[in-house]
Amino acid sequence: MTATTTAPRAATPVRTTEDRPHARLRAWATRAPLLPALVFMITVTQLPFVATLVISFFDWNSLYPDARSFAGLANYGEVLTDPDLRRSVWTTVLLTVAVVLASLVLGLLLALLLDRRFRGRGLVRTLLIAPFLVVPVAAALLWKHVLYNPEYGLFNGLLHYVGGPQPDWISETPLLAVEASLVWQWTPFMMLILLAGLQSRDHQQIEAARVDGASDWQIFRHLTLPHLRRYLELGALLGSIYIVQNFDAVFTITSGGLGTANLPYTVYQTFYQAHENGLASAAGVLVVIGSIIIATFALRVVSSLFREEAGRS
């Protein structure tokens with residue numbers, strides 16, 4: 001009969017009440033450098049939003065400051081029932097959907113191109129990313145004067161060279177003109193997201209499918225596209241967040257005319273031209289709420305992507 005010996009357990013340290021203040025002090029010491037940034041962020045972002053929320057409940061015209069009164073939810077009701085505001089909401093939805101879908105399709109095609117090896121791929125990638133780095137106002141001015149101008153624009157110059165018509169692009173197709181400039185600027189963003197998704201594929205699985213006789217289309221349909229689903233969702237959600245709030249292209253190219261006024265431009269018009277502070281604040285709050293809803297879905301997609309990558313590793 002053999003006697004079994006057990007190793008003595010290490011005594012777990014017992015925290016005394018004297019250690020708790022020191023732990024709290026160390027915790028505050030590590031958080032202290034972040035406090036100025038936190039205070040700055042709250043001051044710059046949250047306090048103006050709270051002020052906007054408060055103003056949205058008042059009937060307040062800046063031309064008659066003494067006549068302001070509490071209006072409750074009347075401003076929100078007017079935003080949702082006013083024909084011009086409802087038209088701007090519809091324009092915002094149409095602009096966002098068209099730009100996001102076109103940017104995703106073009107970005108996917110460019111990502112598939114850059115996923116292949118060819119001479120000069122680095123230079124081509126840099127040139128394709130460049131439109132996303134252009135300042136939005138500068139990009140809108142570029143499209144308005146360099147490309148769309150009926151007298152000296154590049155588009156009409158090419159059409160004149162081949163004997164084609166000379167349309168006034170902004171007057172005849174105003175919404176399409178704004179959409180084209182935004183698609184040009186946001187396609188590189190979608191391309192980068194989808195290219196990252198393509199480079200994270202399991203190449204052994206693709207090679208095995210090729211050995212089994214699968215064609216390029218079958219590999220794309222059954223392997224690549226399902227793998228890119230999360231990346232497509234992420235690109236669509238992030239693009240929607242920014243394009244819903246877009247103001248530069250509409251203001252610069254059409255000045256909100258010809259049926260191109262989206263909700264941010266209408267908020268600007270209501271506040272700076274009609275001087276209706278309460279109504280403009282209510283419309284702005286609705287834009288923020290819509291952006292938060294879209295951002296919530298985007299954060300869920302991002303977290304699911306991180307979980308998938310952690311599971312693979």
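The values are calculated or read from the model by the stated rules, or taken from the named source; none is laboratory data. Just so it is clear, the structure is predicted and the values come from calculations on it, not from any experiment. Cβ sites come from the backbone with ideal geometry, for glycine too, and all protein chains shown count toward neighbours. Surface areas here come from the heavy atoms of the whole protein model, side chains and all, with no ligands, DNA or RNA. Shrake-Rupley method; radii C 1.70, N 1.55, O 1.52, S 1.80 Å.
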Verdict on GLY120 being in contact with a Leu (Cβ under 7 Å, 6 or more places away or on another chain) and either at pLDDT 85 or above or in the same structural domain as LEU232 (by TED's automatic domain parsing) (or both) | no
Selection within segment 105-133 - under 24 Å from GLY256 (Cα atoms) and open to solvent by 50 Å² or more (accessible area, probe 1.4 Å) = PHE132
Residue check for ARG125: part of a loop (DSSP other than H, G, I, E, B) and of a type in the set (Lys, Arg) = no
Residue pairs qualifying under the 7 Å Cβ cut-off, at least six apart or on distinct chains, with the first in segment 107-125 being farther than 20 Å from ALA236 by Cβ and in contact (Cβ under 8 Å) with a residue 24 or more places away in the chain and the second being hydroxyl-bearing (Ser, Thr, Tyr) and open to solvent by less than 80 Å² (accessible area, probe 1.4 Å), are none
Report whether or not THR260 is open to solvent by less than 30 Å² (accessible area, probe 1.4 Å), assigned to a loop (DSSP other than H, G, I, E, B) and touching a residue at least 40 places away in the same chain (Cβ under 8 Å).
-> yes
Here the residues within segment 270-303 that are over 23 Å from the mean Cα position of the chain (by Cα) and of a type outside the set (A, V, I, L, M) are THR270, PHE271, TYR272, GLN273, HIS275, GLU276, ASN277, GLY278
Quick one: is ALA208 among the aliphatic types (A, V, I, L, M), assigned by TED's automatic domain parsing to the domain that holds VAL135, outside any helix (DSSP H, G or I) and at negative phi?
-> no
The residue from HIS160, HIS145 that alone is part of a helix (DSSP H, G or I) and either of a type in the set (D, E, K, R) or within 26 Å of ASN262 (Cα to Cα) (or both) is HIS145
Can you spot a residue in segment 237-256 that is without any contact (Cβ under 8 Å) to a residue 24 or more places away in the chain, among the aliphatic types (A, V, I, L, M) and open to solvent by 20 Å² or more (accessible area, probe 1.4 Å)?
-> no
Considering each of ALA51, ALA37, ALA102 in turn, give the residue that is open to solvent by less than 70 Å² (accessible area, probe 1.4 Å) and within 26 Å of GLY235 (Cα to Cα).
-> ALA102
Counting only residues that are over 21 Å from GLN269 (Cα atoms), give me the helices (runs of 4 or more DSSP H) lying completely in segment 34-84 with at least 1 of them.
-> 35-41, 47-55
In this structure, does GLU233 turn out to be in contact with a Ser or Thr (Cβ under 7 Å, 6 or more places away or on another chain) and either modelled with pLDDT of 85 or more or open to solvent by 50 Å² or more (accessible area, probe 1.4 Å) (or both)?
-> no
